[in-house]
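Before any comments, here is the structure.
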C-alpha cells in the first residue's frame, strides 16, 4: 500500500488560480502563499479559456530545491447535463497544449490531456451538479475532486456520494481534495484542503507518476501515518482524532469514537467484494481520508 512505499509524503494543492485567469495574485505570489504555509508543491491551473488567451501558466522558474510546481490548467468544453461547460483539472500538461477545437467536447478534451501526460481530475462535481452519466462519460479521468474548499462555502464542497456510485459501477477512480483557491479578497482563506503524495523526490515527474498511481491521501487537517491490510482487518494510525470511520461500497460503516484516538483496527467483512476507505475526523471537524481500497 501507499504507506509502505519508498520516499516520503509531499504536501501539495492541485487546483489553484492566478491572475493569468480569474485569480487575484500573480503566479509567483500565489506559489509563495503555499510555500509560506509549508506546502511542498502547487499546481497553478488557470482557466483554459479564450477570454484569458488559453493560458498554460509556466511556473518552472518558481521551482527550488525544496518547493516544486506542476504545470497545468482547468480545462473547459461543452457540456454537462446542468452546465454549459466542463471543469477539468489537468496537472502535468505540456506548455504547448493546443486549445479545444470548435467540435471538441469535455470528454474528448480530457482524453487529449491524458494522452499528453496529464493527471486528469473531475473538478468540484457537486458544485457543478454532475450526474452519474456526466461522470461516466469523462472516461479519461484519473481522479475525482471529493472536497473543494471554495465550493464548501456553498455547501457543495463534498462529492463522496457520486464517487461511491461511480466506484460501485466499476470505475477505478482515485480521490483528491483541493482549495480551488483564487485568493480574491472575498474568498475563504487558502490552504484548506490538500493532498499528501508519496514519492522519492519533489521532481515533477515523480509527483505525477505517484498521482497517477494513486499513491497519495487527502486532508483538510489531520494526518494519516499508516494504513495497512492484514487478512480480514485494516489498521490505521493517525494524528489525534475524535472519530475514525471505515466506509465504502455498501451502506453502513464501522465507526470508532473517542477522545484523542490515534489508531484503530476494523474488520473488513462489511466491504468484502467492493471498496472501502478510512476517514479520520478531529475535534474541529476537519478530515483526512485514504484513496479507495478495492477488496476482492
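The values are calculated or read from the model by the stated rules, or taken from the named source; none is laboratory data. What you see is a predicted model, and the numbers here were worked out from it, not measured in a lab. Here Cβ is always computed from backbone atoms with ideal geometry, including for glycine, and neighbour counts include all displayed protein chains.
Key figures for this structure:
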| read-out | value |
| --- | --- |
| Per-region count, segment 143-190, residues on the phi < 0 side of the Ramachandran plot and more than 10 Å from the chain's Cα centre (by Cα) | 32 |
| Segment 83-94, subset out of contact with any helix residue (DSSP H, G or I) (no Cβ under 7 Å at 6 or more places or on another chain) and over 15 Å from residue 122 (Cα atoms), residue surrounded by the most Cβ atoms within 10 Å (Cβ to Cβ) | 94 |
| Residue within segment 142-160 that is more than 20 Å from residue 44 (Cα to Cα), assigned by TED's automatic domain parsing to the domain that holds residue 17 and surrounded by 21 or more Cβ atoms within 10 Å (Cβ to Cβ) present | yes |
| From the options 197, 165, residue that is in contact (Cβ under 8 Å) with a residue 24 or more places away in the chain, in contact with a helix residue (DSSP H, G or I) (Cβ under 6 Å, 6 or more places away or on another chain) and either part of a strand (DSSP E or B) or assigned by TED's automatic domain parsing to the domain that holds residue 260 (or both) | 197 |
| Close pairs from segment 222-242: first assigned by TED's automatic domain parsing to the domain that holds residue 195, partner in a loop (DSSP other than H, G, I, E, B) and surrounded by fewer than 14 Cβ atoms within 10 Å (Cβ to Cβ), Cβ under 9 Å, at least 6 apart | none |
| Residues that are crowded, with 18+ Cβ neighbours inside 10 Å and out of contact with any helix residue (DSSP H, G or I) (no Cβ under 6 Å at 6 or more places or on another chain), drawn from segment 43-53 | 43, 45, 46, 47, 48, 49 |
| Residues satisfying the stated conditions in segment 248-275, i.e. in contact with a helix residue (DSSP H, G or I) (Cβ under 8 Å, 6 or more places away or on another chain) and either within 22 Å of residue 9 (Cβ to Cβ) or touching a residue at least 60 places away in the same chain (Cβ under 8 Å) (or both) | 248, 249, 274, 275 |
| Residues of segment 265-296 classified as assigned to a strand (DSSP E or B) and either on the phi > 0 side of the Ramachandran plot or under 23 Å from the mean Cα position of the chain (by Cα) (or both), total | 12 |
| Test: residue in segment 227-248 that is crowded, with 16+ Cβ neighbours inside 10 Å and part of a loop (DSSP other than H, G, I, E, B) | no |
| Residue match in segment 129-136 (condition: farther than 19 Å from residue 45 by Cα, buried (at least 20 other Cβ atoms within 10 Å of the Cβ), under 18 Å from the mean Cα position of the chain (by Cα) and modelled with pLDDT of 95 or more) | yes |
| Residue 136 closer than 16 Å to residue 166 by Cα and in contact (Cβ under 8 Å) with a residue 60 or more places away in the chain | no |
| Filter result (without any contact (Cβ under 8 Å) to a residue 60 or more places away in the chain and farther than 15 Å from residue 87 by Cα) within segment 41-54 | 42, 43, 51, 52, 53 |
